[in-house]
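FYI, it's all coordinate maths here, none of it is from the lab. What you are looking at is a predicted structure, and each value in this text was computed from that prediction instead of being measured. Note: ideal-geometry Cβ built from the backbone for every residue, glycine included; neighbour counts use all protein chains shown.
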Amino acid sequence: MSKLSVAVIGAGYWGPNLARNFRSSPDWELAAICDLDRERAQRVADQVGRVPVVTLLADILADPEIDAVAIATPARTHHDIAIAALRAGKNVLVEKPLAASRDQGANMVSVAAELGLVLMADHTYCYTPAVLKIQELIASGSLGDILFIDSVRINLGLIQPDVDVFWDLAPHDLSIIDFILPGGLAPETVSAQGADPLRTGKSCVGYLTIPFGDGAIAHVHVNWLSPTKIRQMVIGGTKRTLVWDDLNPQQRLSVYDRGVEIDRDSLSSSERAAATVSYRLGDTWSPALPETEALASMAGEFAQAILGHRAPRTDGRAGLRVLSILEAAHRSLGIAGASAAVYSAVPEIPEKSEIPEMITVEVGA
Ligand SMILES: NC(=O)c1ccc[n+]([C@@H]2O[C@H](COP(=O)([O-])OP(=O)(O)OC[C@H]3O[C@@H](n4cnc5c(N)ncnc54)[C@H](O)[C@@H]3O)[C@@H](O)[C@H]2O)c1
């Protein structure tokens, strides 16, 4: 079967990882690397071997042999590049976060749907063996109903010029939670508290609280100022609790057959309050995980979605749900951490006439 053809746009920090994985994918032909900075693009082309280098996005979009683009440029440029690519008939993979605002993301989702093209968000963690296993365990009922999720993603991070720590790091946690929860993550409200103790002008430490489901809650802690790196998620269920420590390759996942027992269904709330809870103390086990690179699986999923004319696992709507929560978190920061409403994430598909005209992307702007 012939391969699909893809160009990678953006050859900075993350673009080379996409280029390497598309280059080695059985599904893809890497057609070109595009960056405003020719030297940067050339370096990546040399690393992956004999790939044309382009500085004009228009040249990629005008090439009828190219089926798709993978956008690894800064978030503020995602919307315009993606819309131009969709309008040129290309399927689009976009790095996280999908766009710089919810409105932009909604427009991208609408245009892709209208044109019948695949729009996929590179929510990389959703393609890791650990997250796939967590999703499988939750879907199979192994953890029971989810009661809480506690996610910590902290390290000494680069203070980004254009985004705060929520927009930089929390897309990872939010996309993972969205993926592992049956039905996705669609809270009505969120609250966020941020701190900027170094006076950088943006939150460097962030705490995000997300009520979801029937009384359940998720908490996300993101931080650029921590000298120790922690990548940990605890997922508590009515049957079992799972701990994911992404920095412990020997035992990334631990499933604890321990928990608090209380009959949630048959007792009234006053009876429940008075009832004695009991603690179940069982075994701990660690699921075996295959060693596969997330971006290789992600590239495969992008190809299968295009060939199968179906939505990919992390489609534009998943990216939009993440943007909706990030925007609500931003509003919550502005009201001292009070709850802010999360606006409905899924746009109506507009009539053709409502879709904005082709956007010219100023390469070099
Ligand atoms: N999935 C992940 O785990 C992960 C990790 C890191 C970064 N990212 C995401 O990847 C994206 C890029 O981040 P980065 O750290 O690589 O940024 P970067 O600044 O290192 O690189 C961006 C590159 O894009 C180029 N560029 C900018 N506008 C362009 C345009 N119009 N046409 C062509 N090239 C253009 C720049 O010259 C630069 O080389 C961001 O959205 C970021 O959030 C994702």
For the chain, what relative contact order do you get, as a whole percent, if you take Cα pairs closer than 8 Å and at least 6 residues apart?
-> 20 percent
Compute the FRET efficiency between Glu65 and Glu136 as 1/(1 + (r/R0)^6), taking r as their Cβ-Cβ distance and R0 = 41 Å, and round to the nearest 0.05.
-> 0.60
Of Ser151, Leu132, Gly337, whose Cα points farthest to the positive end of the dipole of the chain (charges on the beta-carbon: +1 Lys, Arg; -1 Asp, Glu; origin at the Cα centre)?
-> Ser151
Under 12 Å from the Cβ of Ala45, count the other residues' Cβ atoms, weight Lys and Arg +1, Asp and Glu -1, and hand me the total.
-> +3
Round to the nearest 10 and give me the degree value, 0 to 90, for the angle of helix 316-334's Cα axis relative to the longest principal axis of the chain.
-> 70 degrees
Tally the DSSP beta bridges in the chain and give the antiparallel ones as a percent, rounded to 5.
-> 60 percent
For labels at Gln193 and Glu39 in the simple 7 Å Cα→Cβ model, what's the distance in nm?
-> 4.6 nm
Protection proxy ranking of 87-99, 206-218 - average other beta-carbon atoms within 10 Å, highest first | 87-99, 206-218
Lysines near Lys3 by alpha-carbon distance under 20 Å, same-chain residues fewer than 8 away left out - which ones?
-> Lys90
On a 0 to 90° scale, report how tilted helix 38-48 is relative to the longest principal axis of the chain, with both axes built from alpha carbons and the result rounded to the nearest 10.
-> 70 degrees
